[in-house]
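*Asks:* Take a look at this one; I'll ask things after.
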Amino acid sequence: MDDINATLQTALNDSVKEAFSMTLSMDAQTIEAELMPHVQEAIISSIGFTGKLEGNLSICVLNADACAMVSNMLGMEITEVTSDVCDGIGEIVNMVLGGVKMKISGPEMKIEIGIPTTILGNNMQVLSKKDKTFQLKYNFSAGTAKFTFILNYKIHEQAPEGPQQKSINALEKLSSLMGQNGSGQTACDAKQNALDALNKAVQQDPSKGGRP
Amino acid sequence: MKKILVVDDSGVQRKMIIQIIRKAEFQNDILEAADGALAIEVLAGNFQDVGIVLCDWNMPNMSGLEFIAAIAKVPPVAAIPVVMVTTEGTEEKMAEARAANPNLVGYIAKPFTPEQLRDTIKPILAKAG
């Protein structure tokens with residue numbers, strides 16, 4: 001347990017620093033101060049994972065700091081929280097978790113990553129610690145921005161066998177069950193329809209000798 | 001000049017990739033799609049013009065892996081070079097992607113530098129014309 005915890009601590013800190021350096025051109029450093037406010041407008045973006053380790057990684061950041069971070073990502077000044085800001089914060093947590101996965105993965109340690117969910121609000125906290133669940137929490141600064149990463153995880157003695165059938169994210173599962181792709185058709189229908197259209201287009205391509 | 005298809009569910013990630021391409025002074029037109037199913041729709045109307053696909057892995061509706069496996073079964077489209085741009089950077093995932101699409105010619109793990117993307121796509125675009 002101590003080994004995994006120490007490995008995750010190093011992997012998380014290194015992955016945050018790499019993601020900020022490579023994608024935001026910002027130097028991220030851990031800081032001691034308690035950052036997560038309870039009264040100010042903030043963004044929380046969370047992404048789940050399953051496998052030998054199961055849990056989620058979240059970033060908590062004030063709106064103004066989120067704008068500063070995504071401004072660096074896109075090389076343009078953003079002063080209000082837009083869909084790009086939410087998307088960008090989700091992409092940051094995705095990259096950080098991807099980095100953690102790369103650093104800890106091996107024959108005995110496999111995890112599958114979900115898709116980020118981003119929430120805007122006031123007075124928010126990440127409170128998912130339960131029995132046999134461990135939490136790593138680090139505060140960082142990068143430029144003038146300050147933010148917190150929280151990794152909640154539990155360890156399965158044996159990784160689930162075979163393909164991952166379990167839903168990683170409850171929202172994904174709900175969307176899938178409801179077939180929410182904007183037209184009432186299921187995701188499976190949409191995939192098949194798109195493939196049918198591609199096959200049809202290829203067959204109609206005169207350069208391939210197909211019928212118009 | 002062949003077009004570049006960028007497939008990623010993150011609009012910000014697509015914008016970042018497009019910025020890198022433009023800053024590197026590639027003049028190719030760029031097409032975008034937010035998941036695999038939408039990318040297939042884009043290809044249906046443009047497959048003759050697309051010279052490279054840059055594809056994320058984890059996306060809703062149809063993942064990047066499902067997408068590259070699907071297009072590998074459609075002969076003229078299967079010839080389009082594919083580069084994965086993804087957080088799924090383990091050797092195991094790379095092997096899975098290679099098995100899904102034999103025309104996978106590059107693999108970029110996020111986070112990546114502009115230079116990594118530029119250096120990966122430059123020879124592919126030069127060959128595609």
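*Asks:* Please compute the length gained on full extension between A:Cys188 and A:His156, using 0.36 nm multiplied by the number of residues separating them and subtracting their Cα-Cα distance.
*Replies:* 8.4 nm
*Asks:* List, in the order given, every pair from A:Lys17/B:Lys3; B:Lys15/B:Lys122; A:Lys101/B:Lys2; A:Lys17/A:Lys110; A:Lys52/A:Lys191; A:Lys103/A:Lys154 whose Cα-Cα distance in the structure shown is over 28 Å.
*Replies:* Values: A:Lys17/B:Lys3 34 Å; B:Lys15/B:Lys122 19 Å; A:Lys101/B:Lys2 35 Å; A:Lys17/A:Lys110 23 Å; A:Lys52/A:Lys191 31 Å; A:Lys103/A:Lys154 18 Å.
Beyond 28 Å: A:Lys17/B:Lys3; A:Lys101/B:Lys2; A:Lys52/A:Lys191.
*Asks:* Computed over the Cα atoms, what is the radius of gyration of the protein assembly as shown divided by 2.2 N^0.38 Å, N being its residue count?
*Replies:* It is 1.01.
*Asks:* While we're on this one: Can you compute the helix-only [θ] at 222 nm over the protein assembly as shown? Use -39500 (n - 2.57) per DSSP H run of at least 4 residues, normalise by all residues, nearest 500 deg cm²/dmol. Present the calculation step by step, with values, prior to reporting the outcome.
*Replies:* Numbers: 11 runs with 143 residues, N = 341.
That calculation yields -13500 deg cm²/dmol at 222 nm.
*Asks:* Once phi is turned into ³J(HN,Hα) by the Karplus curve 6.51 cos²θ - 1.76 cosθ + 1.60 with θ = phi - 60°, what whole-Hz value does each residue of the stretch A:99-114 show in order, with x for glycine and proline?
*Replies:* For the stretch A:99-114, the Karplus-derived couplings read x, 4, 4, 4, 6, 9, 5, x, x, 9, 9, 10, 9, 10, 9, x Hz, x marking Gly and Pro.
*Asks:* Report the full-extension gain for the segment A:Asp131 to A:Glu32: residue separation times 0.36 nm, less the Cα-Cα distance, to one decimal in nm.
*Replies:* 33.0 nm
*Asks:* Just want the ordering: A:Ser71, A:Ser21, from fewest to most Cβ atoms lying within 10 Å of their own Cβ.
*Replies:* The order, fewest Cβ neighbours first, is A:Ser21, A:Ser71.
*Asks:* Right, another one. Report, by chain and number, residues whose modeled amide H sits under 5 Å from the one on A:Phe134, excluding near sequence neighbours (fewer than 5 apart, same chain).
*Replies:* Here A:Tyr153, A:Lys154 satisfy the definition.
*Asks:* How large is ³J(HN,Hα) for each residue in the stretch A:14-31, as worked out from phi by the Karplus curve 6.51 cos²θ - 1.76 cosθ + 1.60 (θ = phi - 60°), to whole Hz, x for Gly and Pro?
*Replies:* Each residue of the stretch A:14-31 in turn: 5, 5, 4, 5, 5, 4, 6, 5, 7, 9, 10, 6, 10, 9, 8, 10, 6, 10 Hz.
*Asks:* When the Karplus curve 6.51 cos²θ - 1.76 cosθ + 1.60 is applied with θ = phi - 60°, which whole-Hz ³J(HN,Hα) does each residue of the stretch A:63-71 get, with x for Gly and Pro?
*Replies:* 3, 5, 5, 4, 4, 5, 5, 6, 4
*Asks:* Want the number for B:Lys23 to B:Met94: 0.36 nm per residue separation, take away the alpha-carbon distance, what's left?
*Replies:* 22.8 nm is the gain from fully extending B:Lys23 to B:Met94.
*Asks:* Within 10 Å of each residue's Cβ, count the other Cβ atoms and sort A:Cys188, B:Cys55 from fewest upward. Let's see the in-between values first.
*Replies:* Numbers: A:Cys188 14, B:Cys55 27.
Ascending number of Cβ neighbours within 10 Å: A:Cys188, B:Cys55.
*Asks:* Additional query: For A:Asn122, project a label point 7 Å along Cα to C-beta. Then give me every residue of the stretch A:60-103 with its amide nitrogen under 14 Å of that point.
*Replies:* Flagged as within label range: A:63.
*Asks:* Here's another thing I want to ask about it. Set the Förster radius R0 to 30 Å, insert the Cβ-Cβ distance between A:Ser25 and A:Glu80 as r into 1/(1 + (r/R0)^6), and round the FRET efficiency to 0.05.
*Replies:* 0.85
*Asks:* Also, I was wondering about something else. When only DSSP loop residues count, what GluC sites (Glu not before Pro) in the stretch A:1-98 have their Cβ near at most 14 other Cβ atoms within 10 Å?
*Replies:* Within the stretch A:1-98, the qualifying GluC sites (Glu not before Pro) (loop, at most 14 other Cβ atoms within 10 Å) are A:Glu32, A:Glu34, A:Glu77, A:Glu80.
*Asks:* Which order do B:Glu96, B:Glu88 fall in if you start with the one that has the fewest other Cβ atoms within 10 Å?
*Replies:* Working: B:Glu96 14, B:Glu88 25.
Least crowded to most crowded, the residues run B:Glu96, B:Glu88.
No value in this document is a laboratory result; all are computed from the given coordinates. These numbers were taken from a predicted model, which means no experiment stands behind them. Note: ideal-geometry Cβ built from the backbone for every residue, glycine included; neighbour counts use all protein chains shown.
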